[in-house]
Amino acid sequence: MNDLGHDELRGTNPEGEALTGVTRWLSIHDDLLRGLTHTLSNRVGTIAAAAYMVELQPASLTTSAAALRAESETLEALLRLFRMLPRRESGAGEPVIPTDAANSAIELYGHHPNHPTTPITVVIDGDMQPAYVDPATLTLAIVVGLDTASRATADHDLQITISCSTEWVTITVQAGDGAIDTDVTDNLAAISWLLSPFNGHSAPHVSGARLMIPTLQAARRAQRG
């Protein structure tokens, strides 16, 4: 893939694009928060029911204890997802395995109202290199990519393809062979806004979006320079 500069991707009004990106991210953020809160409410209800059964029928203690353990694990997973939502203004970059961020994004997007009912697959194209970015930020950017691909004209399976060059980790989020006929400029701006502190950016794709983040070796070379 060509090494596209930020100016080519952002156009002539970076301030306006940043505002568009912030606005769009806040909308997606609120949708995720509502979805997670709904799931949390259901889990709290299940815990309350299990506790009530213990009080009502002490003989059911073993069954209720198993249910409470399972719900505790679910709550821990939800807590981990909640912790991803706040954007870290001063988040430091670190080596990140792209597949880890992709899998976390799939899990988080599962709570979005528009999440697909079909599985989302992750494909590795060639050798994989670590990216240099804040891990939660990369997860959130991939979530926006998934939201972009979900706008495809037909119901297609979503796919996250990860490829690497010496300079870039490229994450392509697409809806199979579907095409997007709506304006996704706001989503692309949101991705670029999230990734810009780490010199990453977005690029359009016919059925989704591309995310480009510097590799660890490229970031270290830039730091030395």
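Read the figures in this text as sums done on the coordinates, not as results from a lab. Since the structure is predicted, the reported quantities are computational estimates derived from the model, not experimental observations.
Annotations
- Over region 132-221, the alpha carbon radius of gyration divided by the compact-protein estimate 2.2 N^0.38 Å works out to 1.05.
- Mean shadow area of region 169-225 over all directions, Cα convex hull, nm²: 4.2 nm²
- Per-residue ³J(HN,Hα) for region 157-167, Karplus 6.51 cos²θ - 1.76 cosθ + 1.60, θ = phi - 60°, Hz, x for Gly and Pro: 5, 8, 9, 10, 10, 10, 9, 9, 10, 5, 9
- For Val169, distant residues with modelled amide H under 5 Å away: Ile213, Thr215
- Per residue Cα convex hull volume in Å³ - calculated over region 68-225: 119 Å³
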